[in-house]
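A.B. asks: This is the structure I have questions about; it appears just below.
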Amino acid sequence: MIEKEKRKNPFFENYQTPHDVVPFDRISMEDYEEAFMEGIRRADELIEKTINNPEKPTFDNTLINNDDEPEGYYDLLDRVSSVFFNLLSAETNDEMDALAQKMQPILTKHANDVRLNKRLFERIKAVHLHHRRLTAEEKMLLDTSYDGFVRSGALLDEEGKQRLRQLTEEASMLSLQFSQNLLKENKAFTLHITDEAQLDGLPETARAAAAQAAQEQGKEGWLFTLDMPSYSPFMTYSTQRELRRQMYMARNTVCTHDNDENNVKICQRLVNLRREIAQLLGYKTYADYVLKHRMASNVRNVYRLLDQLIEAYKPTAVKELDEIERMAKRMEGKDFKMEPWDQGFYSHKLQLKKFNIDSEMLRPYFELSRVIDGVFGLANRLYGITFKENKDIPVYHPDVRAYEVFDRDGSFLAVFYADFHPRKGKQGGAWMTEYQGQWIDRKGKNVRPHVSVVMNLTKPTAEKPALLTLGEVETFLHEFGHSLHGMFANTRFESLSGTNVWWDFVELPSQFMENFAIEKEFLRTFAFHYETGEPLPDELIDRIVKSRNYMAAYGCLRQVSFGLLDMAYYTQKEPFDEDIVEFEKKAWQKALVKPQLSNTCMTVQFSHIMAGGYAAGYYSYKWAEVLEADAFSVFKRKGIFNQQTAQRFRDCILSKGGTEHPMTLYKNFRGQEPTIDALLKRNGIKRKTKKS
């Protein structure tokens, strides 16, 4: 009897797929752990080779060390990690969650073993002190590598290194637990309606989606969830105040309940772990540690920006909310008290009154396939690149589409994945990620990136295609901006390519792209009625433009409040033992226009600062907004499709990654440092002039 040939782990060989993309269709659960452990073994082997090299440490034999790489070499640990952890966010299940719990401490230990390897650090230190003449990019790699080791504890004594290991391993596990708890809690809640009268006010798109959600779960009636395409229309249109209250409270008390998914203690512990890590490394606070490698550079500058925004925007924000409350009282009576679950509903009513526009009016013109054409067409007009769907590229879920991207000269540029709709095993929100970064190998081959955008946009129904809101179009443009940053990467080293830049610079390309969403010239290229083919009327576009700053000041303060909360946690100098809910209320008080409800909590679901890499960095969104408003003002002056300006933006910023200081890159494009003026002008905010 012939013995059955053992199945090969797809991670262990060249993928033999178009552009060597991930063979999602050939990967099984059993492949991950085996590949993780072999990847760690190979990484350890490479480190041993480096530290045992008898030759004098040089940039080439210590930081690159790839002279004997075989043809088609790849970093196995990086390869399996990118696939596993991307799917853990986009398409997880109980098995993957369990494996993540098992592998996280092993992977964190390995990372610590590398960063705390004394002999490896001594070689890097020697190169840092004495090296050949380096290019600017080589110098950046050397500096970031050396500083990365120092910031990871390389200068600590053995006791300090051991303590750092304990702290980072615990923080890693708790971040994972935070995310898993949040996903479970968000997916656990549903509002099941069987009485059609309770759908009053809801548009047909929301009703159809809810009916389909109920049908998918084998239930009668309509099912609403906390996913934004379900939650947002309900809070905006439903006339059922009690049901709006239920939805609001469900969303704003996630992970606060007395169950296994409660994140309160996890948040407290994460704040303390990060504070202790920073202090062990010689910093007063975790914010001081983080901001050393940010454009803001220190806590004082972050607070200066946030305070400037509060001063500029709060008077207008107060007026905006007052106007909504006055309308609510006119509609409901002078004794009516507006609650948080009422704000979206009456804000929409006021928007209709002032501008005669709302998201449902626009949905028929934003059919997903046409939006895709519009976004791709925008990239073509700006940069000359083209997108071609390739169904031979494997994907991890039927919702996902895969495209080949070609540059202006027809050369292959990147693979682009787009994952559009919410589902059970997918985290909420939207993000861009990579399955392969860009770099240039030792033979000079430019290895092109495989990037992905993951979103939670309105799903199609049995009767209608996916019809998006303007806000969802903006989300698509935002994530697409990140993807352009990845796709245009053109650097030698992968660790410096694409979006591997400082956190308060990374949002510039994404937020920059959002500007196009209300530009008439852009909307005219794709916004056609999905049934009649009629273009979005100019008169409706004019109303969009006029309403663009509706509630802009309130929206700004909301972002600022998140930044204040983030900074409040990570500027702690002493052990943090305060009640999370009460601390939160005090932390962002000066940015609030109305007080927060006593039993709601943002912190326990604030993934950005607890599990998403934005700890002490949430201000970055506003910092980058100053940059992108200033940058887009150049396009407004030169023409929004001006290819010369776009090419400079690509050459100076999008293709450079983290090879130079971000302010240097920005000034290379703009010719000067940015000011807050362009943002204030765009938002219609008048800065107070001080009398002399």
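A.B. asks: Filtering the stretch 113-169 down to residues that are open to solvent by less than 50 Å² (accessible area, probe 1.4 Å) and of a type in the set (S, T, N, Q), which residue is farthest from Leu273 (Cα to Cα)?
C.D. replies: Looking at residues that are open to solvent by less than 50 Å² (accessible area, probe 1.4 Å) and of a type in the set (S, T, N, Q), I get Ser145.
A.B. asks: Would you mind finding the one in Glu159, Glu169, Glu185, Glu220 that is charged (D, E, K, R), part of a loop (DSSP other than H, G, I, E, B) and either touching a residue at least 60 places away in the same chain (Cβ under 8 Å) or more than 30 Å from Lys337 (Cβ to Cβ) (or both)?
C.D. replies: Only one candidate qualifies: Glu220.
A.B. asks: State all residues of the stretch 516-538 that are among the small types (Gly, Ala, Ser) and either modelled with pLDDT under 95 or open to solvent by 10 Å² or more (accessible area, probe 1.4 Å) (or both); if no residue qualifies, say none.
C.D. replies: Gly533
A.B. asks: Turning to a different aspect of this structure: Only one of Leu362, Leu382, Leu350 is in contact with a Leu (Cβ under 8 Å, 6 or more places away or on another chain), open to solvent by less than 10 Å² (accessible area, probe 1.4 Å) and either touching a residue at least 12 places away in the same chain (Cβ under 8 Å) or not β-branched (Val, Ile, Thr) (or both); which? Reasoning before the result, please.
C.D. replies: On the way: Leu382 fails: in contact with a Leu (Cβ under 8 Å, 6 or more places away or on another chain); Leu350 fails: in contact with a Leu (Cβ under 8 Å, 6 or more places away or on another chain).
Leu362 is the lone residue from the list that is in contact with a Leu (Cβ under 8 Å, 6 or more places away or on another chain), open to solvent by less than 10 Å² (accessible area, probe 1.4 Å) and either touching a residue at least 12 places away in the same chain (Cβ under 8 Å) or not β-branched (Val, Ile, Thr) (or both).
A.B. asks: Is it true that some residue in the stretch 583-597 is open to solvent by 30 Å² or more (accessible area, probe 1.4 Å), in a helix (DSSP H, G or I), over 22 Å from Leu270 (Cα atoms) and modelled with pLDDT of 95 or more?
C.D. replies: Yes, because at least one residue in the stretch 583-597 is open to solvent by 30 Å² or more (accessible area, probe 1.4 Å), in a helix (DSSP H, G or I), over 22 Å from Leu270 (Cα atoms) and modelled with pLDDT of 95 or more.
A.B. asks: Just to be sure I understand, how many residues within the stretch 6-39 are part of a helix (DSSP H, G or I) and surrounded by fewer than 19 Cβ atoms within 10 Å (Cβ to Cβ)? Spell out the reasoning first.
C.D. replies: Here is the first cut: in the stretch 6-39, the ones part of a helix (DSSP H, G or I) are 10-12, 18-20, 24-26, 29-39.
Now restrict to residues that are surrounded by fewer than 19 Cβ atoms within 10 Å (Cβ to Cβ): 12, 18-20, 25-26, 29-30, 33-34, 37-38.
So the count comes out to 12.
A.B. asks: Evaluate the stretch 510-520: report whether one residue or more is of a type outside the set (Val, Ile, Thr) and either free of Cβ contacts under 8 Å to residues at least 24 places away in the same chain or closer than 23 Å to Thr236 by Cβ (or both).
C.D. replies: Yes, the stretch 510-520 contains a residue that is of a type outside the set (Val, Ile, Thr) and either free of Cβ contacts under 8 Å to residues at least 24 places away in the same chain or closer than 23 Å to Thr236 by Cβ (or both).
A.B. asks: If I go through the stretch 366-394 residue by residue, how many of them are farther than 24 Å from Gly471 by Cα and of a type in the set (Lys, Arg)? Lay out the reasoning, then the answer.
C.D. replies: Residues of the stretch 366-394 farther than 24 Å from Gly471 by Cα: 383-386, 388-394.
Subsequent filtering for residues that are of a type in the set (Lys, Arg) retains 388, 391.
Residues meeting the conditions: 2.
A.B. asks: Related question: Restricting the search to the stretch 327-347, which residues are surrounded by 13 or more Cβ atoms within 10 Å (Cβ to Cβ) and part of a helix (DSSP H, G or I)?
C.D. replies: Residues of the stretch 327-347 surrounded by 13 or more Cβ atoms within 10 Å (Cβ to Cβ): 327-329, 332, 336, 338-347.
Listed by number, the residues that qualify are Met327, Ala328, Lys329, Glu332, Pro340, Trp341, Asp342, Gln343, Gly344, Phe345, Tyr346, Ser347.
A.B. asks: Let me ask you something else. Please go through the stretch 77-98 and pick out each residue that is closer than 25 Å to Glu45 by Cα, among the hydrophobic types (A, V, I, L, M, F, W, C) and open to solvent by 20 Å² or more (accessible area, probe 1.4 Å).
C.D. replies: Correct list: Leu77, Phe85.
A.B. asks: Would you mind telling me which numbered condition in (1) small (Gly, Ala, Ser); (2) surrounded by fewer than 18 Cβ atoms within 10 Å (Cβ to Cβ); (3) at pLDDT 95 or above Gly684 fails?
C.D. replies: With respect to (1) small (Gly, Ala, Ser); (2) surrounded by fewer than 18 Cβ atoms within 10 Å (Cβ to Cβ); (3) at pLDDT 95 or above, Gly684 is out only on (3).
A.B. asks: Additional query: Residue check, Glu574 against (1) modelled with pLDDT of 95 or more; (2) open to solvent by 40 Å² or more (accessible area, probe 1.4 Å); (3) closer than 27 Å to Gly684 by Cβ, all met but one. Which one?
C.D. replies: Tallying (1) modelled with pLDDT of 95 or more; (2) open to solvent by 40 Å² or more (accessible area, probe 1.4 Å); (3) closer than 27 Å to Gly684 by Cβ, Glu574 fails exactly one: (3).
The values are calculated or read from the model by the stated rules, or taken from the named source; none is laboratory data. Quick caveat: nothing in here was measured; it's all calculated off a predicted structure. Backbone-built Cβ (ideal geometry, glycine too); neighbour counts: all protein chains shown. To get the accessible areas, we keep the full protein, side chains included, count just its heavy atoms, and leave off ligands, DNA and RNA. Shrake-Rupley method; radii C 1.70, N 1.55, O 1.52, S 1.80 Å.
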